């Protein structure tokens, strides 16, 4: 059995003042001071990431801070119980977890689904699967099985943030049983630490190996197997803290733990600033590094009181951390519902900042109410105690309020059930994509013998084209002279493109990225189906690779007129991607940028509810932007 006693300390001299209990954290103490501060750090990062991704591209690492805290805290609580009673009462452990998790979770589901049903839009797409995943704590695996994406969605899921709760709850369910077996099979804390670190390493390796750069990373991000290492690092830390012989109790660590915490805070802040969800480094060591730094932050809280501990225990910080669970649950549904409810706007307009402010304020307010009037009473009195109080209130002086509450709960349950039963399986964006795919297929190019060889020097250098070939048609192209290569933005605009140019040839598919676009261009060139004017539109989901853009323009050659459409969206990399496109295209006299960003930024009401894809009117606006670009390019080349 793991030891849970603190290392021996010298006796307090008679008459000396007693150190306040709150200034020291020991393996046996009932409260670990400063953990609420770390929870505040974690939820704050997630809030910034979801409210304004460009401000903190790696804010999603806040979830990994939560994971390490959970692994450490749950294991510490279980070891304390073993130390006091010699056994773990599994039913009581799971009941305590249910009291902690279910009140806020169920209220979020009932209120969010009911409000989404009232607001309309695409918020209820696949809500049945989401609710099932939330209530059974299997959200991550159900979404993996459904092929949904955390990183590139045509319609944001109402409960997309619940995946991490599923991972934690699966851990809560299995870990107590595994812990008992581990304690029976090992003799020392050092062995247990090694086992936990080995499992963490295997999980991190799985994430690194299974991640394919350039492809959607939802599987390795959501997977319990590939994202277990943060929890296991917390477990290893708990085992180490339970042993008096551990380095955590050494004089050296106690002397250096505050500087270590400062370095770790800086490290996590740096990772949240530089890492992003598209970088291979994120899944090949970045998330692991953030988890290791979190373990250092927790370890620095353990022991005698310190300045670091007191900062993490500041009242505003602790207040936020104590309510972090509710804040995390509520914030994403609140953001989506407000975004759907309020007028469409551009990314950093006054309205968008107002929406963010409202979302933040409502989230904090609702989480505070939930914590005070729902979560805490259930934790103190249990489900049965709260039920008895409420039943008594129905017949006492507070019966009017109790009946109002009961009626509201009944309405929410019925509304949620109806919404789940009638929810659509596809978003309006996806429906438009599927409908427009028929237009794209009907416009598929046929071999017309118009492909011409690219000059060897232009294709080889990849550094632009200094001169244009003579005797090449530079007039404004007609529809039968245009080929379009693109992703879902071009697909959703196909009705506008084919309306203006009935003879246009389109080769567009959802989720295409620039490397996919280059492959499509090369295949069409080999077949001789690329016309003298070309539209290129890729990068909506993953940004721009400068080298691939140059290769695409080189492959098309200087004899073609090329319009490259820039990007619009709330992703942090959009400004940089558009700057890259502008810089590359400037090196090619036969190419021009169609400024889709500026056009739709001035008319955000012409976007779908996802804020990225154009609606019917937006598709015609997209076409006008492309047409204007061709006209400007023709004037420039003929002038």
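Just a few scattered comments:
- Set 562, 584: member being in a strand (DSSP E or B), buried (at least 18 other Cβ atoms within 10 Å of the Cβ) and in contact with a strand residue (DSSP E or B) (Cβ under 9 Å, 6 or more places away or on another chain): 562
- From the list 115, 142, the one residue that fits, being more than 22 Å from the chain's Cα centre (by Cα), in a helix (DSSP H, G or I) and under 26 Å from residue 51 (Cα atoms), is 115.
- Of the numbered criteria (1) free of Cβ contacts under 8 Å to residues at least 60 places away in the same chain; (2) under 30 Å from residue 128 (Cα atoms); (3) assigned to a helix (DSSP H, G or I), the one residue 219 fails is (1).
- Any chance residue 525 is farther than 23 Å from residue 57 by Cβ, in contact (Cβ under 8 Å) with a residue 60 or more places away in the chain and surrounded by 21 or more Cβ atoms within 10 Å (Cβ to Cβ): no
- Condition check for residue 241: crowded, with 22+ Cβ neighbours inside 10 Å and touching a helix residue (DSSP H, G or I) at 6+ places or on another chain (Cβ under 6 Å): yes
- Contacts under 7 angstrom Cβ, first residue in the range 77-103 being closer than 13 Å to residue 175 by Cα and assigned by TED's automatic domain parsing to the domain that holds residue 234, partner modelled with pLDDT under 95 and not in a helix (DSSP H, G or I), 6 or more apart: 78/88; 79/2; 79/4
- Filtering the range 407-431 to residues that are assigned to a helix (DSSP H, G or I), buried (at least 18 other Cβ atoms within 10 Å of the Cβ) and either touching a strand residue (DSSP E or B) at 6+ places or on another chain (Cβ under 8 Å) or at pLDDT below 85 (or both) leaves 428, 429, 430.
- Residues that are modelled with pLDDT of 95 or more and in a helix (DSSP H, G or I) do occur in the range 500-513, at least one of them.
- If you check 107, 148, 138 for being farther than 27 Å from residue 380 by Cβ and modelled with pLDDT of 95 or more, only one passes: 138.
- For the range 46-89, residues that are within 30 Å of residue 354 (Cβ to Cβ), touching a helix residue (DSSP H, G or I) at 6+ places or on another chain (Cβ under 6 Å) and assigned to a loop (DSSP other than H, G, I, E, B) total 2.
- Residue tally, condition farther than 14 Å from residue 231 by Cα and surrounded by 17 or more Cβ atoms within 10 Å (Cβ to Cβ), over the range 161-195: 7
- Per the conditions (1) touching a helix residue (DSSP H, G or I) at 6+ places or on another chain (Cβ under 6 Å); (2) at pLDDT 90 or above; (3) surrounded by fewer than 16 Cβ atoms within 10 Å (Cβ to Cβ), the sole criterion not satisfied by residue 342 is (2).
- Pair list, Cβ under 7 Å, 6 or more apart: the range 237-250 residue in the same structural domain as residue 189 (by TED's automatic domain parsing), other residue buried (at least 21 other Cβ atoms within 10 Å of the Cβ) and modelled with pLDDT under 90: 239/2; 241/27; 242/2; 242/27
- Residue selected from the range 538-556 under the condition assigned to a loop (DSSP other than H, G, I, E, B) and touching a helix residue (DSSP H, G or I) at 6+ places or on another chain (Cβ under 7 Å), by the criterion nearest to residue 521 (Cα to Cα): 538
- Filter result (buried (at least 23 other Cβ atoms within 10 Å of the Cβ) and more than 15 Å from residue 276 (Cα to Cα)) within the range 532-545: 533, 534, 535, 536, 537, 538, 539, 540
- Any hit, the range 196-205, residues being within 19 Å of the chain's Cα centre (by Cα), assigned to a helix (DSSP H, G or I) and buried (at least 19 other Cβ atoms within 10 Å of the Cβ): yes
- For first residues located in the range 355-384 and more than 17 Å from residue 325 (Cβ to Cβ), partners that are at pLDDT below 95 and not in a helix (DSSP H, G or I) and lie 6+ apart or on another chain with Cβ distances below 9 Å form the pairs 355/342; 355/345; 356/52; 358/342.
The values are calculated or read from the model by the stated rules, or taken from the named source; none is laboratory data. Just so it is clear, the structure is predicted and the values come from calculations on it, not from any experiment. Methodologically, a virtual Cβ is constructed for each residue, glycine included, from the backbone with ideal geometry; neighbour enumeration extends over all protein chains shown.
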